[in-house]
């Protein structure tokens, strides 16, 4: 299972990417020097939105669409998001929305 996610950086900017493990990626964004140059200098980051996708291709397409959005459109997307439930290291959206 793949996820598209957005984090809010300490400077208020938004960062969008894909992953198979959100918890690991957020930890990496906040502590590792191995990933995401963009967030490395904008820590800490906070998860503000995600959507699960059936496969990497769907996640990449959704990521592309989101990266083309204006910041206002991204903020509207974040505002309509239902929080995640953490269940044994797997994030599951309460609404169970999937990427196409």
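The values are calculated or read from the model by the stated rules, or taken from the named source; none is laboratory data. From a predicted model like this one, the values you see are computed outputs, not experimental measurements. When we count neighbours, we look across all protein chains shown, and the Cβ atoms used for this are built from the backbone with ideal geometry, even at glycine.
The table for this structure:
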read-out	value
Single residue of 52, 67 found to be within 15 Å of the chain's Cα centre (by Cα), exposed (fewer than 15 other Cβ atoms within 10 Å of the Cβ) and either touching a residue at least 40 places away in the same chain (Cβ under 8 Å) or within 15 Å of residue 7 (Cα to Cα) (or both)	67
Of all residues in the range 43-63 being more than 21 Å from residue 79 (Cα to Cα) and touching a strand residue (DSSP E or B) at 6+ places or on another chain (Cβ under 8 Å), the one that is modelled with the lowest pLDDT	54
For residue 38: the one exception among (1) at pLDDT 95 or above; (2) at negative phi	(1)
Residue count for the range 4-40, restricted to those that are closer than 25 Å to residue 73 by Cβ, part of a helix (DSSP H, G or I) and touching a residue at least 12 places away in the same chain (Cβ under 8 Å)	6
Of the criteria (1) buried (at least 18 other Cβ atoms within 10 Å of the Cβ); (2) at pLDDT below 95, which one residue 93 fails	(1)
Scan of the range 8-23 for residues that are under 21 Å from residue 58 (Cα atoms), surrounded by 13 or more Cβ atoms within 10 Å (Cβ to Cβ) and out of contact with any helix residue (DSSP H, G or I) (no Cβ under 6 Å at 6 or more places or on another chain), ordered by number	17, 21, 22, 23
Qualifying residue in the range 79-87 (condition: in a helix (DSSP H, G or I), at pLDDT below 95 and within 15 Å of the chain's Cα centre (by Cα))	yes
